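Following: one structure in structure tokens, then a few remarks.
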Amino acid sequence: MMEKVLFGRYVPADSLLHRMDPRSKLIIIFLYVCIVFLANNPWTYLILAAYTILMAGLSKIAPRFLIAGLKPVLWLVLFTLLLHLFFTKGGEPVVQLGSFAIYEEGIRQGIFISLRFLLLIVVTSLLTLTTTPIEITDGLESLLGPLKKVNFPVHELALMMSISLRFIPTLMQETDKIMKAQMARGVEYTSGPIKDRLKAIVPLLIPLFISSFKRAEELAIAMEARGYRGGVGRTKYRQLNWTFADTGMILLLAAVTLLLIVFRG
Amino acid sequence: MAKQLVALENVTYQYDDQTSPALKKISLEVFEGEWLAIVGHNGSGKSTLAKILNGLQFPQEGNVSVCGHSLSEETVWDIRKQIGMVFQNPDNQFVGTTVQDDVAFGLENAGVPQEAMKTRVKDALHKVKMDSFLDQEPHHLSGGQKQRVAIAGILALRPSIIILDEATSMLDPRGREEVIGTVKELKQQDRITVISITHDLEEAAKADRIIVMNQGQIHRQGSPEEIFQMDEELIGLGLDIPFPVKLGKMLRETGIPLTKQFLSEEELVAELWTSHYKI
């Protein structure tokens, strides 16, 4: 059951992208999401696509993982494409069927927006494919660090994230166990009318909730016994390492941004 | 006489929602380097006792002192540095996402510098023989392995006392053996004082001294041999006598003379197969 979950799936490999500091990757993603909107003509989209393909190449991740990541959003992309084809008016009509027409601008916009979607998804999935969830957490904690000055609970947030990540598999195993226990008592999850199947979820969720609360309480006691008393005076075992490559990658993105500004119409 | 590490004087503790106290005027001492087992059935107050030792709960009456610190709000963090605790559920005390992160958790809390942490994490994991599992995630480990990681997390902080609070009760026999074996080694090599809270008398038989708790009071204390002579009385207290002791008793009843009481299967077997020569 656990293996089916795609969320935050990390694919280990030895590549430049894997070795990069999670902070630089997060900064790059953030900037990328912004500069995608700069592209508005074929040339700028070409530049963006080239950059994205370069990144995918540098990650040494098999294309099938990227394609698998695209699948769930393909319908959304298709929907956007059709929406633009039918409703965006402008330029010469290409196809005319009575009162219904597909315009040049519709085709243009449809292709551009779908492409924008695809590029965004590829780049963000590159982040989760090359970075372990805990690295992302550490990176976020470090990047949000300055917010501590305005009393934003950065450390607590990061700890919450990492504990959640640590307990996902444990709770999955538990769900599996409760499900089997209920199935042994005659509850059906896989057949019967939808209404009954939905009802069967209740006796699954309630024991899961109760045990999660118990776990949380025990974990809190164990943490306290091990000397946890908040983020103050705490050191970090995992150190982040900003290297020349990280600066280089950010400069590369800056260059791409400049190119986009120059070539956009 | 060994140095006294822990002393409880007339400790009384009552939970808010209960009518009678969980602990009634308990006084006891723990000495450096010993393995003390505290046994008793559910609700005898043994787990409350463990929580008081670590300052997770404060007694309403009486005095607790650990390694020279008298328990109070100010000293509780110093005391927690001296006493490590392994809890019952292996999953609910694993904080880190990987083995090494979990061992480092206590060190991070103590503010140990990063370079020192690296070696201390490795050393601690080496001692519990889990050093080849550095990047393993908890759900890929067995219960016994998780408990050994929990022990490593405590060892990394270099405490003088380890409390095992029913630490083996959720494990299978193999995991139980792993954990008890590890603790035994640590006690011999590093002179760590062990307090094991348990209702498993087989585990308690390995201790140097046993305290039997009943209804919030110390019922009896003594060496394992002395305690197991209580026999029927132990069963009356809701405890089960270890198999070799039971077997020894039955053999004696059927007229087979045994030289003494045997606490482990190995000793009993050795006695039996050599007994013919001694007669």
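Across A:Trp43, A:Trp75, A:Trp242, mean-square fluctuation computed from a Gaussian network of chain A (C-alpha pairs under 10 Å connected) peaks at A:Trp75.
If you stretched the chain out fully between B:Asp231 and B:Glu185, how much longer would it get, using 0.36 nm times the residue separation minus the C-alpha to C-alpha distance?
Details: separation 46, 0.36 × 46 = 16.56 nm, distance 2.96 nm.
Using 0.36 nm per residue and subtracting the Cα-Cα distance, I get 13.6 nm.
Rounded to the nearest 20 debye, the dipole size of the range B:12-108 about its Cα centre is 360 debye, using +1 on the Cβ of Lys and Arg and -1 on the Cβ of Asp and Glu.
Each of B:Glu34 and B:Gln114 was given a label point 7 Å from its Cα along the Cα-to-Cβ line. The distance between the two points is 4.5 nm. The label point for A:Thr190 and the one for A:Leu252, both projected 7 Å from the Cα toward the Cβ, are 4.6 nm apart.
Can you sort B:Thr19, A:Thr175 so the residue with the fewest Cβ neighbours within 10 Å comes first? Show your work: numbers first, answer last.
Details: B:Thr19 6, A:Thr175 16.
The order, fewest Cβ neighbours first, is B:Thr19, A:Thr175.
Taking the alpha carbon gyration tensor of chain B, multiplying each eigenvalue by 5 and rooting it gives semi-axes of 33, 25, 16 Å, largest first.
A Stokes-Einstein calculation at 20 °C with viscosity 1.002 mPa s, built on the Kirkwood radius of chain A over Cα pairs, returns a diffusion coefficient of 95 µm²/s.
What is the gain in length, in nm to one decimal, between A:Phe100 and A:Asn151 on full extension, counting 0.36 nm per residue of separation less the C-alpha to C-alpha distance? Display every interim value, and only then the final one.
Details: separation 51, 0.36 × 51 = 18.36 nm, distance 5.74 nm.
My answer for the length gained is 12.6 nm.
Of B:Gly84, B:Gly153, B:Gly181, which is the most mobile in a GNM of chain B whose springs link Cα atoms less than 10 angstrom apart? Maximum among the listed residues: B:Gly181.
Between B:Gln60, B:Gln100, B:Gln147, the residue with the greatest mean-square fluctuation in the GNM of chain B (Cα pairs under 10 Å linked by springs) is B:Gln60. If r is the Cβ-Cβ distance from B:Ser275 to B:Asp78 and R0 is 60 Å, what FRET efficiency results, to the nearest 0.05? That gives a FRET efficiency of 0.65.
Put in line by how crowded their Cβ is, counting other Cβ atoms within 10 Å and starting with the fewest, B:Glu32, A:Glu92 read A:Glu92, B:Glu32. Kindly provide the helix-only [θ] at 222 nm of chain A, computed as the sum of -39,500 (n - 2.57) over DSSP H runs of four or more divided by all residues, to the nearest 500 deg cm²/dmol? The helix-only estimate for chain A comes to -22500 deg cm²/dmol at 222 nm.
In deg cm²/dmol and to the nearest 500, what is the mean residue ellipticity at 222 nm of chain B if only DSSP H runs of at least 4 residues count, each as -39500 (n - 2.57), divided by the residue total?
Details: 11 runs with 111 residues, N = 279.
About -11500 deg cm²/dmol.
Note on A:Lys180 and B:Lys260: the model spin-label points, each 7 Å out from Cα along the C-beta direction, lie 4.7 nm apart.
Percent of Cα pairs in the protein assembly as shown per distance bin of 10 Å, from zero to the largest separation: 3, 14, 20, 19, 16, 11, 7, 5, 3, 1, 0, 0.
Taking the Cβ-Cβ separation of B:Lys25 and B:Met170 as r and a Förster radius of 30 Å, what is the calculated FRET efficiency to the nearest 0.05?
Numbers: r = 32 Å, r/R0 = 1.06.
E between B:Lys25 and B:Met170, to the nearest 0.05, is 0.40.
Computed from the C-beta positions of B:Gln18 and A:Leu208, the FRET efficiency with R₀ = 22 Å rounds to 0.15.
For the cross-link pairs B:Lys81/B:Lys146; A:Lys177/B:Lys146; B:Lys122/B:Lys184; A:Lys60/A:Lys89; A:Lys149/A:Lys236; A:Lys71/A:Lys214, which exceed 30 Å when the distance is taken from alpha carbon to alpha carbon?
Values: B:Lys81/B:Lys146 21 Å; A:Lys177/B:Lys146 20 Å; B:Lys122/B:Lys184 20 Å; A:Lys60/A:Lys89 42 Å; A:Lys149/A:Lys236 19 Å; A:Lys71/A:Lys214 38 Å.
Pairs exceeding 30 Å: A:Lys60/A:Lys89; A:Lys71/A:Lys214.
Report, in whole Å, the centroid distance computed from the Cα atoms of the range B:87-163 and the range A:163-238. Between the Cα centres of the range B:87-163 and the range A:163-238 lies a distance of 23 Å. Quick one: go through the range B:169-198 and flag any residue whose amide nitrogen is under 17 Å from the point 7 Å out along the Cα-to-Cβ line of B:Gln221. Once the point is set 7 Å along Cα→Cβ of B:Gln221, B:193-198 turn out to lie under 17 Å by backbone N, inside the range B:169-198.
Every read-out reported here was derived from the displayed coordinates using simple, explicitly stated rules and does not represent laboratory data. Just so it is clear, the structure is predicted and the values come from calculations on it, not from any experiment. All Cβ positions, glycine included, derive from the backbone under ideal geometry; neighbour counts span all protein chains shown.
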